[in-house]
Amino acid sequence: MSAPNQFLIYVTDTERSTRFYSELFDMEPVFVAPAYVAFEIAPGVLFALWSRHGETITSETPRLSEVGLMVPGSGEKVDEVYAEWRARGVTVVEEIRDDIFGRTFVIADPDGNRIRVAPVD
């Protein structure tokens, strides 16, 4: 059996979300359709945006998962990402702090999906 190889995020506007994630992670999509956009984040592994159910997804919809960005290095590297993203005007939902796994913070994409930054375990 294979490991999971696609991670799908529900969004209301794929164009807006594609711009957001392209700029945030400095990456370009490998596939673009009106309701589906995919980024290859590793060979054979996709991070995708899906808006087919946009009418039922709102920023008030509870988010039960997070996208994670684990940065190599010390907590100072997490601080650097935090400062860079704050300068871009991202929405911070959990301010930077120390947790059991190290320095961390959480932002939200335009639809309220959560993105956590932390050091590599």
Checklist outcome for this item: Applied in sequence order to segment 15-31, the curve 6.51 cos²θ - 1.76 cosθ + 1.60 (Karplus, θ = phi - 60°) yields integer Hz couplings, x standing for Gly and Pro, of 5, 4, 5, 4, 4, 4, 5, 4, 6, 4, 9, 6, 9, 10, x, 9, 8
Checklist entry - Among Leu8, Leu64, Leu49, Leu24, what is the fewest-to-most ranking by other Cβ atoms within 10 Å? => result Leu64, Leu8, Leu24, Leu49
Checklist entry - Per the Kirkwood treatment, what hydrodynamic radius in Å, one decimal, follows for the chain from the mean inverse distance over all distinct Cα pairs? => result 15.2 Å
Item to check | Degrees between helix 75-88 axis and first principal axis of the chain (Cα, 0 to 90, nearest 10) | outcome: 50 degrees
Next on the checklist: Under 8 Å for C-alpha pairs, at least 6 residues apart: give me the relative contact order for the chain, rounded to a whole percent.
Outcome noted: 25 percent
Checklist entry - Once you list every other residue whose beta carbon is under 13 Å from the beta carbon of Arg114, what net charge do they have if Lys and Arg are +1 and Asp and Glu are -1? => result -2
Checklist outcome for this item: Per the helix-only model, the chain has a calculated mean residue ellipticity at 222 nm (DSSP H runs of ≥4, -39500 (n - 2.57) each, divided over all residues, rounded to the nearest 500) of -7000 deg cm²/dmol
Checklist entry - Once the other residues with Cβ under 15 Å from the Cβ of Val37 are scored (Lys, Arg +1; Asp, Glu -1), what is the net sum? => result -4
Checklist entry - Taking H as built 1.01 Å from N, whose amide H comes closer than 5 Å to the amide H of Ile9, not counting residues under 5 places away? => result Ala48, Leu49, Trp50
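Under 12 Å from the Cβ of Phe7, count the other residues' Cβ atoms, weight Lys and Arg +1, Asp and Glu -1, and hand me the total.
It works out to a net charge of -2.
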Checklist entry - Between rounded, prolate and oblate, where does segment 1-54 land on the alpha carbon gyration tensor, with a ≥ b ≥ c its root eigenvalues, rounded for a/c under 1.5, else prolate if a/b exceeds b/c? => result oblate
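No lab work stands behind these numbers, since they all come straight from the coordinates. Since this is a predicted model, take the numbers as computed values, not measurements. Reconstructed Cβ throughout: ideal geometry from the backbone, glycine too, with neighbour counts over all protein chains shown.
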